[in-house]
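Heads up: the structure comes next, in structure tokens.
Read the figures in this text as sums done on the coordinates, not as results from a lab. Values in this document were obtained by computation on a predicted structure and should not be read as measured data. Methodologically, a virtual Cβ is constructed for each residue, glycine included, from the backbone with ideal geometry; neighbour enumeration extends over all protein chains shown.
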Amino acid sequence: MHRVADMAADYLEHVADYPVLPPVRPGEVRAQLPAAPPAEGEPLESLLGDYRRLIEPNVTHWNHPGFLAYFSITGSAPGILGETLAAALNVNHMLWKTGPAPTELEETVTDWLRQMMDLPAGFVGHINDTASISSLLAIGAARHRAFPEARTQGLTGLPPLTVYCSEHAHSSIDKAVITLGLGQTALRKVPADAAFRLDPAALARMVAEDRAAGRQPICVVATEGTTSSTSVDPVPAIADVAAREGLWLHVDAAYAGSAAICPEYRALMPGMERADSLVVNPHKWLFTPVDCSVLFLRDPDALRAAFALTPEYLRTAEQGTATNLMDYGPQMGRRFRSLKLWFVIRAYGVEGLRVRIRAHCALAQMFASWVRAEAGFEVCAPVPFSTVCFRATPPGDGPAQDTFNERLLAAVNAAGPVFLSHTKLNARIVLRVAIGNMRTREEHLATAWRLVRDGAERLRRAV
Ligand code: PLP
């Protein structure tokens, strides 16, 4: 343990010496791994040696300060300590009895987070591995509320059920309707406005059309902080439609929900308090190592009604008086994830977390200002949080510009110090800089911008 702790600490101290993306091609790691397991135990020396030689250099370094791709996430030191102790305990708190402290810490820490995000008392949280699963559970609860008989009889005999989200919602919502047996066509993609926000009037129209065609709308998913551009859907207007139409309102705040701990960013996300369910991932932007996704429910009984099932061998005397977290979804076993979140919140305090989130948003504004000031580039979406969407605008038509930006991205990422990702907005390729790493400073963004500008210059000269 002591040696491994030193290795982990050394890694974090020197992570910036690595290129963010490892210089490795598909199959190269596997080719160096024995095809069969060892018959006899091997000395720890050789295990740790192989870790250092084969594994550490060949990961994509999410804890690197130049990791600016996807939603950049970071495991902070207190979170790593909590994760380590959770591994040592190896407790599985499917029932209160099998983990009293983990059950009650999960209840306490998720309620702390509820208060930090200024969500109403009465919202009850629990922790899943990912937002994809949290959203799946929420839509499962929505299905159960609309048609409880689906639990016993399945979907046969029911009208076709429909779910709504913006065209910018995360693909996990598609996967949720697929997994729940509704079929991908049950998911209606509502058009968005020029700032990539779901259009509530279009939502109302689509719900009415579906009802007229004999379909049964059950749920709408609003996103606060969409994956591509971090746009915020107009939740109050969506909540009005949901209330009028009797739809379950699920809010996906997997990324931007963490910013709601700052009053000024919470103000950018009005209507959260009207959700039936809301997901936020502390593993995205609250400095908690992956995995940790908190699902809040206004009425946790709705989720329990959909999923709770206690076989004889799991019956305990505390049933009915204590929380059994296995009742909140299809999975029975669960990891002790609240320990790392507890460590993070206590070590930094709410103020310390706010300072870091505000610093990331300030860095994003700074990067966006560099892009705006440069001829031949444009910022492609509003920048409410810590993510900037931008692109080069060389002379030429749309497809030529897309090719240019794809080449630019490949050149920037091949250099080593930074890793950016891309998306499509208004059918055009745009580059994304997402800031969420504890170690990212102005100097790392300056490096990213220099690589982008120089790369574009070289590409222009090559044309
Ligand atoms: N929702 C949003 C808005 C996201 O941006 C993402 C991932 O980036 C997800 C959901 C899925 O998150 P997870 O990997 O926790 O399933």
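Some values worked out for this structure:
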read-out	value
Given the chain, longest segment not containing exposed loop GluC sites (Glu not before Pro) (DSSP; at most 15 other Cβ within 10 Å)	168-317
Rg followed by Dmax, in Å, when segment 94-241 is reduced to its Cα trace	17.1, 52
Cut-off 14 Å between beta-carbons: net charge of the residues surrounding residue 382, Lys and Arg +1, Asp and Glu -1	-1
Estimated distance in nm for a label pair at residue 7 and residue 458, the labels positioned 7 Å out from Cα along Cα-to-Cβ	3.5
Amide H contacts under 5 Å for residue 164, placed H, 5+ residues apart	188, 219, 220, 221
Segment 379-417 versus segment 362-378: alpha-carbon centroid distance in Å	12
Part-to-part distance (alpha-carbon centres) for segment 176-203 and segment 151-173, which is given in Å	10
Ratio of Rg to Rh over the chain (Cα coordinates, Kirkwood Rh, two decimals)	0.99
Check: segment 92-335 dipole with +1 on Lys, Arg Cβ and -1 on Asp, Glu Cβ, in debye	440
Förster radius 22 Å - calculated FRET efficiency between residue 439 and residue 51, Cβ distance, rounded to 0.05	0.50
Tally of Lys pairs whose C-alpha atoms are under 29 Å apart, taken over the chain, 8 or more apart or cross-chain	9
Pairwise FRET efficiency - residue 30 versus residue 362, Cβ, R0 = 25 Å, nearest 0.05	0.05
Stretch gain in nm, segment residue 179-residue 397, where the contour uses 0.36 nm per residue and the Cα spacing is subtracted	74.5 nm
Residue 267 paired with residue 244, simple spin-label distance in nm, labels 7 Å along Cα-to-beta-carbon	2.9
For peptides 201-207, 75-81, 391-397, sequence by mean Cβ density within 10 Å, most packed first	75-81, 201-207, 391-397
Radius 12 Å from Cβ of residue 348, net charge of other residues (Lys, Arg +1; Asp, Glu -1)	+2
Residues of segment 388-417 with amide N under 17 Å of the 7 Å Cα→Cβ point at residue 375	392-396
Dipole of the chain [Lys/Arg +1, Asp/Glu -1 at C-beta], most positive-end residue of 70, 326, 201	201
Fewest-first ranking of 285, 342, using other Cβ atoms within 10 Å as the exposure measure	342, 285
Pairwise label distance in nanometres, residue 121 with residue 213, each label 7 Å out on the Cα-Cβ vector	4.6
